[in-house]
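The values are calculated or read from the model by the stated rules, or taken from the named source; none is laboratory data. Nothing here was measured: the structure is a model prediction, and the numbers come from that model. No Cβ is skipped: glycine too gets one built from the backbone with ideal geometry, and neighbour counts run over all protein chains shown. Heavy atoms of the whole protein, side chains included, go into the accessibility calculation; ligands, DNA and RNA do not. Shrake-Rupley method; radii C 1.70, N 1.55, O 1.52, S 1.80 Å.
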Amino acid sequence: QTRSLLGVFEEDAAAISNYINQLFQAMHRIYDAQNELSAATHLTSKLLKEYEKQRFPLGGDDEVMTSTLQQFAKVIDELSSCHAVLSTQLADAMMFPITQFKERDLKEILTLKEVFQIASNDHDAAITRYSRLSKRKENEKIKAEVTEDVYTSRKKQHQTMMHYFCALNTLQYKKKISLLEPLLGYMQAQISFFKMGSENLTEQLEEFLTNIGTSVQNVRREMDCEVENMQQTIEDLEVASDPLYLPDPDPTKFPAHRNLTRKAGYLNARNKTGLVSSSWERQFYFTQGGNLMSQARGDVAGGLVMDIDNCSVMAVDCEDRRYCFQITSFDGKKSSILQAESKKDYEEWICTINNISKQIYLSENPEEIAARVNQSALEAVTPSPSFQQRHESLRPTVQSRPPAARTSSTGSLGSDSAALSALSLDSLVAPDTPIQFDIISPVSEDLPGQAKSAGQSGRRTNPFGESGGSKPETEDSILHQLFIVRFLGSMEVRCDESPDVVYETMRQILAARAIHNVFRMTESHLLVTCDCLKLIDPQTQVTRLRFPLPHVVLYATHQENKRLFGFVLRSSGGRVDSRQTSICYIFESNNEGEKICDSVGLAKQIALHAELDRKASEKQKEIDRVKEKQQKELNKQKQIEKDLEEQSRLIAASSRSNQSSTEGQFVVLSSSQSEDSDLGEDGKKKRESE
């Protein structure tokens, strides 16, 4: 019965322990929450007091807002003090009783239970040893020890059991006390807190809160009105900006501005990541004076990309992307390929960089000067109404004068002829002459010696004269100079004896490019050799065009812009038209116009000396062939005379032999005749020859 009743008490103690643990956790959460609320309230009051020290970029010195927040900080600080007092009261009146019951009373029950279990086990072990005493060999000493153990263990078990049972009985009273005391302390702490709150929240504070509520409502009404106005503005802007949402708007509705000297916007920049691979990165680009700047997203300021004073800009084809253009520095050492988002941006960027390259931005009214420059370019190729009549009626007379000395940057085969500077422009370039802006290989029969090059246009050419398989046609040339050029255009000209024709062709081609918005320029490598001029694709090394050097009759550099140069190519007519035609080709280089013209002049001099040496060599070979022929004739005559003398000696010896033996001859003759009749015709011939 005792064991059964003890089990009931132990089960009840376990249930009390489980329930008290749950209640302790709940009350601890209240206590933690109150501590957190007290700390948060104190932090809120502190932040409100620091509002006047803040420096908001868009917020001015609002004294009303600052004073209002200071009043709130004062009230919240008082509430924070009340919450701190409440936290202290909860710790003393609520948490302390339940913690004491949990940590002291319940742990005492567990400790006594373990001690009682040990004493019970010891008593059972002593009884077991005592029951094992032998009845035959009785040992008084062992018996006394076992008896003493039984006595001690039984006494210990009884004392432990009494203390354990007493603690279990007392637990029933402590359970009630531990449940009621924390709740009583909690309620008293809350009542005290509310009393302190009612004392702090006076009628004056209530009036302050009412005024603040009214102000908040007014601010809300103003916000609603402002939001409504902004929504209307957004709708109007959406309707007006609908065409601008297209990535490439209609250029007729949104024309490009060509007079800009400043430009900013997003561009895609090409970055080489390997020998043939590349990547594109979108960045914000803007011009700053004569510099092109870029700024990546997140950067504080922009960085210098390139100095675009005296630079060159041209449209390029790059990786099958649209609206690409290339900017090359004035010295040609640095270049950058960029891609615009639309045709409008594409044209505006090219025009802006061209205007900056001419240093228009340094003037007082840069846009006005840029407009004047563009207008003058338009008027440069706009024919007057009486242009055709003037062309028909005007026939200028060539006025001859002593030939002028040729500079190193100009040259022609007819340098000794009279200068044609007095001629009108119509005599240099025919009106309404078409201009070719792209590189197109000429008809093979127009230029003698180009039939092969037309068939070999697909063969890769090494600009340095090295080849693995076949022997290149320029391998024996002692001059190989390579230049980077950009093709501007070509057109047929009437005269090829004066540099003025090159200057006039440059003017018309540049003006036509400005009028027709042609910004694309094909970049090539110009190879100057003693045989020809070659335009080579810089990527594929394929020969695009070949100009035989003897047909280049005139070459010159622009008088002011030394990057521009051109040459005139004289060609015979084709199959249909046999007349000679002259075509002027205009190029742009990287400040190397004079070098290219000097190189062409040097190549023509080398070719001239080589031609003179070739003719002298051919003449010497002809003289050597005549001497050799005469020597052969003389040797042949001597051989004939020697053969005749030998035959004469043989005939004289034969006649002396015949006279000495006439009879023998008859016998021999008769026998030879009989043999001849037997041998037949072939034998007779053989005998006669013998």
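Hey, with R₀ at 60 Å, roughly what FRET efficiency would ASP537 and ALA240 work out to, going by the Cβ-Cβ distance, to 0.05?
Values: r = 47 Å, r/R0 = 0.79.
With R0 = 60 Å, the Cβ-Cβ based efficiency is 0.80.
Determine, for each peptide in 621-627, 314-320, 52-58, the mean count of other beta carbons within 10 angstrom over its residues, then list the peptides with the highest first.
Values: 621-627: 10.0, 314-320: 14.0, 52-58: 7.4.
Descending packing order for the listed peptides: 314-320, 621-627, 52-58.
Taking 0.36 nm per residue of separation and subtracting the Cα-Cα distance, full extension of the segment from THR99 to LYS253 would add 47.1 nm. Annotation: per residue accessible area for the range 264-364 equals 51 Å², rounded to a whole number [probe 1.4 Å, protein chains only].
Pairs from the list LYS272/LYS333; LYS272/LYS562; LYS253/LYS344 with a Cα-Cα gap above 21 Å: LYS272/LYS562. Keeping the other protein chains in place, figure out the carbon and sulfur percent of the accessible area of the range 264-364, with a 1.4 Å probe. Carbon and sulfur together cover 45 percent of it.
Label positions at LEU479 and LEU5, each projected 7 Å from the Cα along the C-beta direction, are separated by 13.3 nm.
Among residues other than MET306 with Cβ under 13 Å from its Cβ, the summed charge is -1 (Lys and Arg +1, Asp and Glu -1).
The residues neighbouring LYS155, those whose beta-carbon lies less than 14 Å from its own, together hold a net charge of -1 under the Lys/Arg +1, Asp/Glu -1 convention. Ordered by 1.4 Å accessible area with all protein chains kept, TRP349, TRP280 run largest first as TRP280, TRP349. For the range 1-201, the alpha-carbon coordinates run over 111, 34, 21 Å along the three principal axes, in decreasing order. Over the range 1-201, accessible surface divided per residue gives 69 Å², non-protein components excluded, 1.4 Å probe.
Using a Förster distance of 22 Å, how high is the FRET efficiency between LEU183 and LEU37, based on the Cβ-Cβ distance and rounded to 0.05?
Numbers: r = 20 Å, r/R0 = 0.92.
About 0.60, to the nearest 0.05.
Only one residue of ASN200, SER215, PHE116 has its Cα farthest out toward the positive end of the dipole of the range 113-263, where Lys and Arg carry +1 and Asp and Glu -1 on Cβ, and that residue is PHE116.
Taking 0.36 nm per residue of separation and subtracting the Cα-Cα distance, what length does fully extending LEU650 through SER277 add?
Working: separation 373, 0.36 × 373 = 134.28 nm, distance 9.28 nm.
Extending this stretch completely gives an extra 125.0 nm.
Rolling a 1.4 Å probe over the protein heavy atoms leaves MET223 with an accessible area of roughly 100 Å². Among 508-518, 212-222, 16-26, the peptide with the highest mean count of other Cβ atoms within 10 Å heads the list, and the full ranking is 508-518, 16-26, 212-222. Rolling a 1.4 angstrom probe over the range 1-201 with all protein chains present gives an accessible area of which 57% lies on carbon and sulfur atoms.
Within the assembled protein chains, the solvent-accessible surface assigned to HIS480 is about 70 Å², based on a 1.4 Å probe.
Judged by the mean number of other Cβ atoms found within 10 Å, the most tightly packed of the peptides 72-80, 301-309 leads the ranking 72-80, 301-309. One Cα centroid belongs to the range 179-257, the other to the range 289-367; the line between them spans 47 Å. The stretch between THR111 and ALA371, if pulled fully straight at 0.36 nm per residue, gains 83.3 nm over its current Cα-Cα span.
Among the protein heavy atoms, those of VAL8 account for about 90 Å² of accessible surface (1.4 Å probe, every chain in place). The relative contact order of the range 491-624 comes to 23 percent, based on Cα pairs under 8 Å that sit 6 or more residues apart.
With a 1.4 Å probe rolled over the protein heavy atoms of all chains, the accessible area of VAL239, VAL568 falls in the order VAL239, VAL568, largest first. Residue ranking by accessible heavy-atom surface, 1.4 Å probe, largest first, among LEU602, LEU533 comes out as LEU602, LEU533. Spatially close Lys pairs in the range 104-159, defined by Cα atoms under 22 Å apart and a spacing of eight or more places or different chains, total 7.
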